[in-house]
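K.L.:
I am attaching a structure below and will ask some questions about it afterwards.
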Protein chains: 2
Amino acid sequence: MPRRYLNLTPLSEALASMRRTFPPLDRAETVPLRLAVGRVTAEPLYAEYSVPKVDIATFDGYAVRSEDTLGAQDQRPLPLADCARINTGEVLPPSFDAVVMIEDTWDDGGTPWIRKSAAPWQHVRHSGEDIRAGELILPKGHQVRPFDIGALATYGITMVKVRSVRVGIVPTGSDLVPLGVAPAPGQTIETNTLMAEAYLTRMGATCRRYGIVPDDPDLIRDALEEAVAENDLVILSAGSSAGTRDFSRDAVGALGEIVFHGIAVRPGKPVLLGNVGGKPVLGMPGYPVAAQTVLREIVGDLLAWWGLAAPRGEELDVRLSRKMTSDLGFDEFVPVSVGRVDGTCWATPHPRGGGIQMAVVRANGYLHISAGREGIEAGEEVRVRLTVPPAMIASTLVCIGQRSPALAELQNCLSDTGYLLHCCNASTMGAVLAIRAKTCHAASVCIPETEAAWNDLVLRYLPGVDLLRVQVARTELGIISAGDLDTDNLASFRFVNRPKGSPARILLDAWLDREGVDAGRLAGYENEVRTPGAVAAAVGSGFADAGVCPAGMAREAGLRFTPLGYESCELLIRKELAGDDGVASLIRTAQSPEFRERLRSLEW
Amino acid sequence: MPRRYLNLTPLSEALASMRRTFPPLDRAETVPLRLAVGRVTAEPLYAEYSVPKVDIATFDGYAVRSEDTLGAQDQRPLPLADCARINTGEVLPPSFDAVVMIEDTWDDGGTPWIRKSAAPWQHVRHSGEDIRAGELILPKGHQVRPFDIGALATYGITMVKVRSVRVGIVPTGSDLVPLGVAPAPGQTIETNTLMAEAYLTRMGATCRRYGIVPDDPDLIRDALEEAVAENDLVILSAGSSAGTRDFSRDAVGALGEIVFHGIAVRPGKPVLLGNVGGKPVLGMPGYPVAAQTVLREIVGDLLAWWGLAAPRGEELDVRLSRKMTSDLGFDEFVPVSVGRVDGTCWATPHPRGGGIQMAVVRANGYLHISAGREGIEAGEEVRVRLTVPPAMIASTLVCIGQRSPALAELQNCLSDTGYLLHCCNASTMGAVLAIRAKTCHAASVCIPETEAAWNDLVLRYLPGVDLLRVQVARTELGIISAGDLDTDNLASFRFVNRPKGSPARILLDAWLDREGVDAGRLAGYENEVRTPGAVAAAVGSGFADAGVCPAGMAREAGLRFTPLGYESCELLIRKELAGDDGVASLIRTAQSPEFRERLRSLEW
């Protein structure tokens, strides 16, 4: 029987006990100046010398003593008896205190004359005007910016002592194969340590990834021992759960102590924190989105506590476009896409599973639902943390509805205009309701190309809404069959069907209706598959005799095709938004010859 | 005579003509996945295979056919006659459609029994649930984030085609020495190309820095020709002005055409854009802050136009703490420090000179005063672009007033508390007025440690304000002299003085007053120097006979010292702000034994 967690530690308690157990680390490394960008200074930096080192001229002209020029006027020019020719940037000779621009003089037999007196220190840059020798340039704890590099170099700094943490990352799991190897069914590419390295390196940590360790308690313990000896912090990737093949707990227990195991966080519950010889060991869950949560909320918090620069996104107050439920007592993190529709920022959630990595790729932020909440209502104001620069929200267009290859192509073409299209999955009904609530720029629906479908699926729910329809794709659907199909021999066919509400199902039902066939008498009518490809595969392999799929797939599979009608994938856009520059770009792109051309290459 | 600019191009026109002349570049390079973070995709990325590849179990247990389990109940358990043992992550065998958790079964002589029926696809992760083979992962034009790396690896991507621009950076100037060489007076460390490399690399450009080219027209033309051949964009550092030693214009003119020379921007006026064989050549000014403006506003704009990720800071609406003037017709960029004081964000400007690089280091943002403005009033709302993450503003404390080594030490000590102290230079009066207008968290003043000085310099301007005084340093001041000093022989001493309003001057005047000496009769009384070090140097070298400076300097120089009194450097803080966590940290730190200890090592 698998072991159970005895109890789940709340996130806030887990972080507090982590900070208590592991006081700030005082590790630094010295790096050449050009590698210091983004790192945090471990000690203050002081100017090696004054800049400018000495008083210098800021114009081409003559160095003078200002008192010698007193009284010079248009009506009473004076010769510069004692002066020195000087160029911009050159050192002011010791006895002089001003510079006269060459344009303000004229030469009379080798002696320059002036018509205007010079103020003391006129056109002179004082020694130390920018910085004086020994003056503070940067305090400790400062994250070095690109332009700081220029200043540091100017002031004589060539090496910089920056804060550093050595992180050892150990992937465990017999099912893992390294990146570059095509995984067999049941195998997983070892990607979480790569992701951890990318994330933590950005914080200024020095990461070392170890080789894959199979699910063997002894090997895992040995690998952990080695990694602890060589690093300040060790991450054991996967194996941190409480299953029969989860050995992280035992390995940590054998070498040190468990600080906590299991936290009330979703995704990310099966996290483990151990203390091995005073060094933290983090058991990171194998599900990638759970691993991300742990990297961001736990490891990130520890490194920030240790003085590294936390790369947290900016926060933004937005409205939630859909009602969400959440378990009381659990801190939940939900990937969302944020877009500004007609002045209001809306966040639309993506699926939450720990294995749905695409949800995070598609999102531009995430919502933290704190443990005290049971859910959030649609329209409620929430604070979202962005995973893109905040300025990018202004150029983000949110489309709610059905994803399709045509829509993906539209995303690509749109990127040339500087706008980003975020597609959040929803049913046709979900898409239509999003248009009604005005939580998106566009809704994507795939419906039968019939007036009845338009009236039933769209118009009924959007009375009085002025809509633009932009078709992005059009597909002929029909029944594919191994043999000839007619209404008389229908009973002898085993069907495979598509889900209720899908255009294929609606067109099939309409056809059966027209032909006067009772759907209930059709063998396999209740047998639903999720994709048109599965229909073609079922008929092609003889598992079924007939089903609805696109004409192109029928051609490809060499099967009979009885046309039923067209499916239209289109964007619905409120006319009142068409003046928005981003929405206008979207419409223009969808109607452009380039996009139409690209679509042809996608057609079945 | 130096050549003059014929006319200055407004910034907006300069950017428009640049974009017109140089259409987006279509260059890409293919990099290993782990190096793709921060880069922008040059083409869309599609999944190599479905994830999961096949249907897999999400729990340890038994694979079953759901229809076989129908009817199982507490009162009527069923045996699983046809099932297969399966673990989490393992492939669901083809004929099964559900998984029963092992905890929900019990074993009776080799056959597992159940008490509850299984729903179809229960505890099964469908093939393609995360992504299907061929589905879009990232559109082109997407800046890759650390967590995207994990997803891309999971979906079989090992190399990524990213946008790329090759930038050649050529430093010119006979006064330049490379980093690591101590500059002689009049020499400058070549730092602008290092800064340009740091800045542009962060945008995803591939930079190549060339060797220093002396001010020789032929050598500069040859270097430019080579750099143009090897890059997509060339930056000629320095020499872009219109002076006698500025050869960039001639070099560009010899090889191509001038697009514009001189723009109405401060700092950054002497910028040059040329077109050499269809490639842009940018003449970047030598003054570092002018160079920064050009990198950010011109080169950054071009690279963004070419599809790289612009690393622009976020914008924030704040109030300006001081009135500023600006030349009509010039776009001006002014470094500012932004801090939130009692709920209101205030921006305090730093000095604007093109050579004052420390102003940018000390700042956390900059203000763009557009060409149409002649100035901005104190208290007016302005939009500032930050050079730090916006979240950092909440932990920024702004101190207005006099900088001192003690204050720098306080900045260092404070950084351990997570707060940053920004010091903006101002006179004692400026500091006091900032407290009155509540535009800073603390004011730093250095005043004689006398009640009269407190009343005259502080209390008079802050009637009714409840103040906390936190002393950060205390220095004994007195008259140093080569020989013995008394009121009888004062006339024989040549003095060197400190500026009006300085504690040294106030203490000297009070002493002269007490001793009944007429200051006007003191030789050199009008002779002001800018630092106490200059006083000590003047007396030490015999240039003067006496002057006021700290006791420690007198000891160090081995000169006589006639004590006058103490200078007190202190922070003034409104009592009402003392409850603010940051201000409380500042006060605690300034009073901490650690800070006091560090101060002792600084004492003269």
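K.L.:
Please give the number of the condition A:Thr188 fails out of (1) over 22 Å from B:Val289 (Cβ atoms); (2) polar (S, T, N, Q); (3) open to solvent by less than 50 Å² (accessible area, probe 1.4 Å).
P.N.:
Unmet condition: (3).
K.L.:
Between residues in region B:377-388 that are within 12 Å of B:Val334 (Cα to Cα) and residues that are in a loop (DSSP other than H, G, I, E, B), which pairs lie under 6 Å by C-beta distance while being six or more apart or on different chains?
P.N.:
Going by the 6 Å Cβ cut-off, the qualifying pairs are B:Arg385/B:Gly313; B:Leu386/B:Gly313; B:Leu386/B:Glu314.
K.L.:
Somewhere in region A:241-252, is a residue touching a Pro at 6+ places or on another chain (Cβ under 8 Å), within 22 Å of A:Ala371 (Cα to Cα) and in contact (Cβ under 8 Å) with a residue 12 or more places away in the chain? Reasoning before the result, please.
P.N.:
As a first pass, look at region A:241-252 and keep what is touching a Pro at 6+ places or on another chain (Cβ under 8 Å): A:241-244, A:246-247, A:250-251.
Narrowing further to those that are within 22 Å of A:Ala371 (Cα to Cα): A:241.
If we keep only those that are in contact (Cβ under 8 Å) with a residue 12 or more places away in the chain as well, we get A:241.
Taking every residue of region A:241-252 in turn, at least one turns out to be touching a Pro at 6+ places or on another chain (Cβ under 8 Å), within 22 Å of A:Ala371 (Cα to Cα) and in contact (Cβ under 8 Å) with a residue 12 or more places away in the chain.
K.L.:
Can you give me the number of residues within region A:500-522 that are farther than 15 Å from A:Pro563 by Cα and open to solvent by less than 40 Å² (accessible area, probe 1.4 Å)?
P.N.:
Adding up the residues that qualify gives 4.
K.L.:
Could you give me the residue pairs with C-beta distances under 9 Å whose first residue belongs to region B:112-127 and is within 21 Å of B:Ser50 (Cβ to Cβ) and among the hydrophobic types (A, V, I, L, M, F, W, C), whose second residue is in a loop (DSSP other than H, G, I, E, B) and open to solvent by less than 50 Å² (accessible area, probe 1.4 Å) wherever it lies, and which are 6+ apart or on separate chains?
P.N.:
B:Trp121/B:Asp55; B:Trp121/B:Asp97; B:Val124/B:Asp55; B:Val124/B:Thr58; B:Val124/B:Leu92; B:Val124/B:Phe96; B:Val124/B:Asp97
K.L.:
Can you work out which of the residues in region B:157-174 that are surrounded by fewer than 20 Cβ atoms within 10 Å (Cβ to Cβ) and in contact with a strand residue (DSSP E or B) (Cβ under 8 Å, 6 or more places away or on another chain) is nearest to the other protein chains (Cβ to nearest Cβ)?
P.N.:
B:Thr158
K.L.:
Which of the residues that make up region A:301-311 are within 11 Å of chain B (Cβ to nearest Cβ) and either assigned to a loop (DSSP other than H, G, I, E, B) or surrounded by 19 or more Cβ atoms within 10 Å (Cβ to Cβ) (or both)?
P.N.:
A:Gly307, A:Ala309, A:Ala310, A:Pro311
K.L.:
Looking at this structure, is B:Ser541 over 22 Å from B:Gly501 (Cα atoms) and surrounded by 13 or more Cβ atoms within 10 Å (Cβ to Cβ)?
P.N.:
Values: over 22 Å from B:Gly501 (Cα atoms): yes; surrounded by 13 or more Cβ atoms within 10 Å (Cβ to Cβ): no.
Here the answer is no, as B:Ser541 does not meet what is asked.
Every residue, every condition in (1) in contact (Cβ under 8 Å) with a residue 24 or more places away in the chain; (2) touching a Pro at 6+ places or on another chain (Cβ under 9 Å); (3) surrounded by fewer than 16 Cβ atoms within 10 Å (Cβ to Cβ), yes or no:
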residue: A:Arg19; (1), (2), (3): yes, no, yes
residue: A:Ala36; (1), (2), (3): yes, no, no
residue: A:Val40; (1), (2), (3): yes, no, no
residue: A:Tyr49; (1), (2), (3): yes, yes, no
residue: A:Pro77; (1), (2), (3): yes, no, yes
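K.L.:
Residue check, A:Gln73 against (1) open to solvent by 50 Å² or more (accessible area, probe 1.4 Å); (2) within 34 Å of the chain's Cα centre (by Cα), all met but one. Which one?
P.N.:
Exception for A:Gln73: condition (2).
K.L.:
In this structure, does B:Ser127 turn out to be small (Gly, Ala, Ser), closer than 19 Å to A:Arg530 by Cα and buried (at least 20 other Cβ atoms within 10 Å of the Cβ)?
P.N.:
yes
K.L.:
Would you pick out the residues in region B:371-393 that are over 15 Å from B:Glu315 (Cα atoms) and modelled with pLDDT under 95?
P.N.:
Within region B:371-393, B:Ala371, B:Gly372, B:Arg373, B:Glu374, B:Gly375 meet the criteria.
K.L.:
Identify the residue in region A:25-34 that is more than 9 Å from chain B (Cβ to nearest Cβ) and touching a residue at least 60 places away in the same chain (Cβ under 8 Å) and, among all such residues, is farthest from B:Met101 (Cα to Cα).
P.N.:
A:Pro32
K.L.:
Right, another one. Can we say B:Gly109 is without any contact (Cβ under 8 Å) to a residue 40 or more places away in the chain, of a type in the set (Gly, Ala, Ser), within 11 Å of another protein chain (Cβ to nearest Cβ) and open to solvent by 10 Å² or more (accessible area, probe 1.4 Å)?
P.N.:
Judged against the criteria, B:Gly109 is not a match.
K.L.:
Taking region B:143-170 as the region of interest, how many residues are hydrophobic (A, V, I, L, M, F, W, C) and farther than 29 Å from B:Met195 by Cβ? Before the answer, list the steps.
P.N.:
Narrowing region B:143-170 to residues hydrophobic (A, V, I, L, M, F, W, C): B:144, B:147, B:149, B:151-153, B:157, B:159-160, B:162, B:165, B:167, B:169-170.
Retained after the next criterion (residues that are farther than 29 Å from B:Met195 by Cβ): B:147, B:151-153, B:157, B:159.
Counting residues in region B:143-170 that are hydrophobic (A, V, I, L, M, F, W, C) and farther than 29 Å from B:Met195 by Cβ gives 6.
K.L.:
Also, I was wondering about something else. Which residues, taken from region A:275-290, are closer than 18 Å to B:Ala57 by Cα and away from chain B (no Cβ under 14 Å)?
P.N.:
None; the set is empty.
K.L.:
Out of A:Gly262, A:Gly256, report the one residue that is over 30 Å from A:Ile369 (Cβ atoms) and of a type in the set (Gly, Ala, Ser).
P.N.:
Result of the check over A:Gly262, A:Gly256: A:Gly256.
K.L.:
Looking only at residues in region A:40-74 that are of a type in the set (A, V, I, L, M), assigned to a loop (DSSP other than H, G, I, E, B) and closer than 22 Å to A:Val124 by Cα, which one is farthest from the other protein chains (Cβ to nearest Cβ)?
P.N.:
Filtering region A:40-74 for residues of a type in the set (A, V, I, L, M) gives A:40, A:42, A:45, A:47, A:51, A:54, A:56-57, A:63-64, A:70, A:72.
Checking the rest, the ones that are also assigned to a loop (DSSP other than H, G, I, E, B) come to A:42, A:47, A:54, A:70, A:72.
Of the ones still in play, those that are also closer than 22 Å to A:Val124 by Cα are A:47, A:54, A:70, A:72.
Details: A:Ala47: 9, A:Val54: 5, A:Leu70: 15, A:Ala72: 20 Å.
Only one residue tops the list, namely A:Ala72.
K.L.:
A follow-up question, please. For residues that are within 13 Å of A:Thr58 (Cβ to Cβ) and either in contact with a Cys (Cβ under 6 Å, 6 or more places away or on another chain) or more than 7 Å from chain B (Cβ to nearest Cβ) (or both), scanning just region A:88-103, find the one that is surrounded by the most Cβ atoms within 10 Å (Cβ to Cβ).
P.N.:
A:Val99
A quick yes/no check of all residues on (1) under 24 Å from A:Asp26 (Cβ atoms); (2) modelled with pLDDT under 95; (3) of a type in the set (Lys, Arg):
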site: A:Glu197; (1), (2), (3): yes, no, no
site: A:Ile212; (1), (2), (3): no, no, no
site: A:Ala223; (1), (2), (3): no, no, no
site: A:Val228; (1), (2), (3): yes, no, no
site: A:Asp232; (1), (2), (3): yes, no, no
site: A:Gly239; (1), (2), (3): no, yes, no
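K.L.:
Next up: Quick one: B:Glu226 ticks every box in (1) within 12 Å of chain A (Cβ to nearest Cβ); (2) open to solvent by 60 Å² or more (accessible area, probe 1.4 Å); (3) not in a loop (DSSP other than H, G, I, E, B) bar one, so which box is it?
P.N.:
Result: B:Glu226 fails condition (1) only.
K.L.:
Let me ask something else about it. Identify all residues within region A:555-593 that are more than 27 Å from A:Leu477 (Cβ to Cβ) and either of a type outside the set (A, V, I, L, M, F, W, C) or surrounded by 16 or more Cβ atoms within 10 Å (Cβ to Cβ) (or both); write none if there are none.
P.N.:
A:Arg574, A:Lys575, A:Glu576, A:Leu577, A:Gly579, A:Asp580, A:Asp581, A:Gly582, A:Val583, A:Ser585, A:Arg588
K.L.:
Another question, if that's okay. Pairs needed: first member in region B:287-307, under 13 Å from B:Leu11 (Cβ atoms) and in contact (Cβ under 8 Å) with a residue 12 or more places away in the chain; second member anywhere, of a type in the set (A, V, I, L, M) and open to solvent by less than 10 Å² (accessible area, probe 1.4 Å); C-beta distance under 6 Å; at least 6 residues apart or different chains.
P.N.:
Taking only residues 6 or more apart or on different chains, the pairs are B:Val294/B:Val271; B:Val294/B:Met284.
K.L.:
Among the residues of region B:229-251, write down those that are open to solvent by 60 Å² or more (accessible area, probe 1.4 Å) and farther than 19 Å from B:Pro270 by Cβ.
P.N.:
Residues satisfying the conditions are B:Ala229, B:Glu230.
K.L.:
Ok, one more. Do the conditions hold for B:Ala81, that is, is it touching a strand residue (DSSP E or B) at 6+ places or on another chain (Cβ under 9 Å), in contact (Cβ under 8 Å) with a residue 12 or more places away in the chain and at the interface with chain A (Cβ under 10 Å from one of its Cβ atoms)?
P.N.:
Answer is no for this residue.
K.L.:
Would you check if B:Arg85 is of a type outside the set (A, V, I, L, M, F, W, C) and assigned to a strand (DSSP E or B)?
P.N.:
Criteria met by B:Arg85.
The values are calculated or read from the model by the stated rules, or taken from the named source; none is laboratory data. Here the structure is a predicted model, which is why all the values come from computation and not from measurement. Every residue, glycine as well, gets a Cβ built from its backbone with ideal geometry; the counts of neighbours run over all protein chains shown. Note: areas computed on protein heavy atoms with side chains; ligands, DNA, RNA excluded. Shrake-Rupley method; radii C 1.70, N 1.55, O 1.52, S 1.80 Å.
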